[in-house]
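Here is the structure we will look at, set down as structure tokens.
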Amino acid sequence: MAGKSASLHIVWFRDDLRLSDHPALHAASQSGAPVICLYVLDDTSNAQLRPLGGAARWWLAQSLRALQADLNALGSRLVLRRGPAAKVIAALARETGAAAVFWNEIAQAPHLAAAERVAASLQAIGVAAQSFPGDLLAAPPSIRTKDGRGLRVFTPFWRRVQASGDPPKPLPAPAKLGRAPDVATDRLETWRLEPSQPDWAGGLRETWEPGERSAQARLNAFLETGVSGYSVQRDRPDRDGTSGLSPHLRFGEISPRQVWHAARFAAAARPALAGDIDKFLSEVGWREFCRHLLFDVSDLADRNLQPSFDAFAWRRDDKALAAWQRGQTGYPVVDAGMRQLWHTGTMHNRVRMVVASFLVKHLLIDWREGEKWFWNTLVDADAGSNPANWQWVAGSGADAAPYFRVFNPILQGEKFDPDGAYVRRWVPELGQLPTGLIHQPWSASPLELKAAGVELGTTYPQPIVDHRRGRERALEAYAKTRNG
């Protein structure tokens, strides 16, 4: 083991793949000591940490490449190692004689436990460990009820966060990093994060450019030209009315407080946008709310927050589940959303609610089945937001929608995709139908279908469940659960 050097620090990167507003990296760089930047892929030994889904693994590979390039520009490099984080980090500290290891905390039970194991392994060999808050606007212990519990309703939660004042201002990226000794690093390609046979990621590559620079550019462009009208446009899947920041936030290519301060600056400079910016920040607040839920409920993806749902009579219907996954339900806006998800790794938020409601209410399929599918196919699959949103739709979670709210996929399509542009983009076999029929092709006459080149049951499926019957069945099942 090399002798400990006060002139060497390790920064352990986690879900914070950026250089700016990175408290751990900032502290290490300010010391003037050489810095080893380390990312550990711990996907083999720790059952508590949920393995990434396929789309998120693809994003991680691109994000790590972007971080490598940004570090290279500072004269540094990113060291990649695979294995149990506690073992890998302690071994690197021994190998290099590091004096300290810094990281940003992730306020989720599995990640906190992993960090505790790292700290213990470092303490055992006499290496200092220091963690910093970095993934939230407010620490979960600071937003509690009088009896010490986390809040379960969003509006009072968000009021409390806002009342606590502005978060600290973002930290600048280091101007330079002290050159560390060369150490062995894995080749990213050997981690096999990206699909190859078959390579299904073409649509992801068309849609996204992961990395910190892209995240900053996306935020700036949104606040400059996209936020005007956000309160209304955000519900229109046929328009580019959202920020597209969720995967960048998921992997920490941009921090919540960077988003907060940039948005507040934009609102101060252009007061007419204040309402739209407040609505945008409330969406960041919802992410925060879901993260705080996960702080208290580590098994959010598996357990109903409302115990009454433990006895809910979910249906097992593999054929219907597969039709939903493939975008073959016979409901155009549902199918458009599911196909957009498969091709791009994302889905418009309004449509996410519609397709989720369809699965758990029209089909009465357990919300956990939908959550798993989204976890595997979303580039922004977040351990807090994904299960919390599914539970919200199902009615089993925090601040849940009323059980009698069953989204009508026909009316939702007509209201939020009034010209049918979204459906025509993702369900092209319906593209020639008149606008008045595109959200309910089964109501078209045989002549209208023929003129549009549509043969129901052949070129496009008949609805797999009647809307009215599905709604009635859902309300009956929910009423039984509600009445015990």
extent check for region 122-196: Cα max minus min per principal axis, descending, whole Å, gives 51, 40, 33
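Scaled to the compact-protein estimate 2.2 N^0.38 Å, what is the alpha-carbon radius of gyration of the chain, rounded to two decimal places?
On the way: Rg = 24.0 Å, N = 484, 2.2 N^0.38 = 23.0 Å.
Dividing the Cα radius of gyration by 2.2 N^0.38 Å gives 1.04.
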Please compute the Cα-Cα pair-distance distribution of region 5-134 with 5 Å bins starting at 0, giving whole percents from short to long. 2, 10, 22, 25, 23, 13, 5, 1, 0
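Taking neighbour counts of Cβ atoms within 10 Å as a proxy for exposure, in what order, fewest first, do K450, K146 appear?
Working: K450 11, K146 5.
Ordered from fewest to most neighbouring Cβ atoms within 10 Å, K450, K146 come out as K146, K450.
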Report, by chain and number, residues whose modeled amide H sits under 5 Å from the one on G178, excluding near sequence neighbours (fewer than 5 apart, same chain). V35
Can you return the lysines within cross-link range of K480? Criterion is Cα-Cα under 16 Å, with same-chain partners fewer than 8 residues away left out. K361
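Once you have the Cα-Cα distance between E472 and E206, take 0.36 nm times their residue separation minus that, and quote the gain in nm to one decimal.
91.7 nm
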From the gyration tensor of the Cα coordinates in region 199-340, what semi-axes in whole Å does the equivalent ellipsoid have, largest first, with each one equal to sqrt(5λ)? 32, 22, 16
Counting only residues 5 or more apart in sequence or on a different chain, those whose built amide H sits under 5 Å from that of T346 are V379
Rounded to the nearest 10 degrees, the helix 256-269 long axis (Cα) sits at an angle to the longest Cα principal axis of the chain of 70
Give, in nm to one decimal, the length gained when the segment between A163 and A221 is fully stretched (0.36 nm per residue of separation minus the Cα-Cα distance). 18.1 nm
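For the chain, what is the mean residue ellipticity at 222 nm derived from helices alone (per DSSP H run of n ≥ 4: -39500 (n - 2.57); sum divided by total residues; nearest 500 deg cm²/dmol)? Could the numbers behind the result be given before it?
On the way: 20 runs with 217 residues, N = 484.
-13500 deg cm²/dmol, from helical runs alone.
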Expressed in angstrom and rounded, the centroid-to-centroid distance over alpha carbons for region 62-114 and region 419-446 is 50
From phi via Karplus (6.51, -1.76, 1.60), per-residue ³J(HN,Hα) for region 84-97 in Hz, x at Gly/Pro: x, 4, 4, 5, 5, 5, 4, 5, 5, 4, 5, 4, 9, x
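Values quoted throughout were computed directly from the atomic coordinates according to the rules given, and no laboratory measurement underlies them. These numbers come from a predicted model, not from an experiment. Virtual Cβ from ideal backbone geometry, glycine too; neighbours counted across all protein chains shown.
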